[in-house]
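Peer 1: Input: one structure, supplied below.
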Amino acid sequence: MLVEQIWTGNNGRNFNYLVACSETGEALAIDPLDHEKCLARAKAKGWNITQILNTHEHRDHTGGNDQVIAATHAKLLAHHSAKIDGVDRGLKAGDVIKIGKTAELECLDTPGHTMAHICVRSHGDHPALFCGDTLFNAGAGNCHNGGHPSELYNTFSQQLARLPENTLIYPGHDYIANNLRFTLNREPDNAKAKEMLPSMEQQNTDRALVTTLALEREINTFFRLSSPSVIAALREAFPDLPENPDQRTVFLKLRELRNKW
Ligand SMILES: [Zn+2]
Ligand SMILES: [Zn+2]
């Protein structure tokens with residue numbers, strides 16, 4: 001399976017993706033907002049985009065569909081209940097997307113950022129997760145536009161946290177520098193986040209760092225729900241919190257603070 005991460009350079013800091021079969025050159029475009037860059041990259045690689053996946057219905061993920069379909073006649077795939085025009089295939093948890101002969105992605109139904117959000121994962125020696133606006137590098141999606149924080153917690157704890165530790169994380173936006181600042185705001189003694197922040201503030205987004213789930217567990221507050229310093233700082237912000245709050249409560253309070261941060 002071949003992966004191209006495409007930096008759009010827009011204000012929303014979106015990443016688009018192409019996932020291709022190494023034998024046939026057939027490709028899946030994930031959230032191809034910047035249709036010109038996606039089509040140009042496919043052409044440069046000698047790939048044919050035959051399918052488009054929208055992780056969810058927000059315009060910054062669906063906005064390039066029409067142009068890519070006009071240029072390639074690709075089929076459009078999305079969550080079965082996502083409100084997106086022209087979907088050819090509605091996806092459910094466990095569905096498999098085949099790309100050419102050699103690439104295969106499994107669908108995860110991952111509500112929280114919106115209630116019709118699909119993440120896809122590959123298996124094998126180098127597992128990968130394309131996670132839209134559910135999981136970001138060092139952060140979590142917001143729930144302002146059709147989502148629900150409690151569902152987002154369920155998705156994190158019951159699905160994302162159980163993936164293999166070496167899973168490569170491919171999110172829908174580049175927010176890593178700001179998210180590391182939030183991690184350090186919540187957990188000032190997080191050595192790994194402190195070490196990474198200066199280089200991430202200057203990273204070349206055309207060759208962005210691809211994290212793993214193992215690294216996310218170190219730098220992403222939303223995976224650090226039992227950290228004593230996260231809990232201690234949270235109890236300063238919310239004096240009513242018990243000494244040992246449950247993980248759901250910690251997650252929801254962190255999400256609440258991140259909304260205002
Ligand atoms: Zn979104
Ligand atoms: Zn987005």
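Since every read-out is calculated from the coordinates, none of them should be taken as a lab result. Being a predicted model, the structure only gives us computed values, none of them experimental. As a convention, Cβ positions derive from the backbone with ideal geometry for all residues, glycine included, and neighbour counts pool all protein chains shown.
Peer 1: If we count every other residue with Cβ under 13 angstrom of Gly12's Cβ, Lys/Arg +1 and Asp/Glu -1, where does the sum land?
Peer 2: Here the count lands on -3.
Peer 1: Between His144 and Asn10, what is 0.36 nm times their sequence separation minus the Cα-Cα distance? Round to one decimal in nm.
Peer 2: Stretched out fully, the His144 to Asn10 stretch lengthens by 46.2 nm.
Peer 1: Shifting gears a bit: What's the angle, to the nearest 10 degrees (0 to 90), between helix 35-45's Cα axis and the longest principal axis of the chain?
Peer 2: 70
Peer 1: Determine, for Glu165, Glu26, Glu216, Glu106, the number of other Cβ atoms within 10 Å of each Cβ, and report the residues in order from fewest to most.
Peer 2: Arranged by neighbour count, lowest to highest, Glu165, Glu26, Glu216, Glu106 become Glu165, Glu106, Glu26, Glu216.
Peer 1: Kirkwood Rh over alpha-carbon pairs of segment 136-222, then Stokes-Einstein at 20 °C and 1.002 mPa s: what D in µm² s⁻¹, rounded to an integer?
Peer 2: The calculation lands on 158 µm²/s.
Peer 1: Right, next: Among Ile52, Ile6, rank each residue by its count of other Cβ atoms within 10 Å, from fewest to most, as a rough exposure measure.
Peer 2: Sorted ascending by nearby Cβ count, the order is Ile6, Ile52.
Peer 1: Calculate the length of the line joining the C-alpha centroid of segment 241-261 to that of segment 69-115, in whole Å.
Peer 2: 32
Peer 1: Can you tally the net charge around Asn220? Count Lys and Arg as +1, Asp and Glu as -1, for every other residue whose Cβ sits under 14 Å from the Cβ of Asn220.
Peer 2: Counting the neighbours of Asn220, the net charge comes to +3.
Peer 1: Past 27 Å, Cα to Cα: identify those pairs from Lys37/Lys83; Lys192/Lys253; Lys83/Lys253; Lys45/Lys192, in the order given.
Peer 2: Lys83/Lys253; Lys45/Lys192
Peer 1: Additional query: Which one, Gly25, Gly86, Gly100, has the greatest fluctuation when you compute a Gaussian network model over the chain with C-alpha springs under 10 angstrom?
Peer 2: Result: Gly86 has the largest fluctuation of those listed.
Peer 1: Sticking with this structure for a sec: Compute the label zone of Leu2 within segment 29-72: residues whose backbone N is under 13 Å from the point 7 Å along Cα-to-Cβ.
Peer 2: 41-49
Peer 1: May I ask for the Kirkwood hydrodynamic radius of the chain, worked out over all distinct Cα pairs and given in angstroms to one decimal?
Peer 2: 18.7
Peer 1: Taking neighbour Cβ counts within 10 Å as the exposure measure, how do Phe238, Phe251 sort from fewest upward?
Peer 2: The fewest-first ordering by Cβ neighbours comes to Phe238, Phe251.
Peer 1: Provide the net charge surrounding Glu104, with neighbours chosen by a C-beta distance below 14 Å and charges set as Lys +1, Arg +1, Asp -1, Glu -1.
Peer 2: Cβ neighbours under 14 Å give a net charge of -2.
Peer 1: While we're on this one: What distance in nm separates the simple spin-label points at Glu256 and Glu201, each placed 7 Å from Cα in the Cβ direction?
Peer 2: Spacing of the two 7 Å Cα→Cβ label points: 3.1 nm.
Peer 1: Give the calculated FRET efficiency between Asn244 and Lys37 to the nearest 0.05, with a Förster radius of 45 Å applied to their Cβ-Cβ distance.
Peer 2: About 0.40, to the nearest 0.05.
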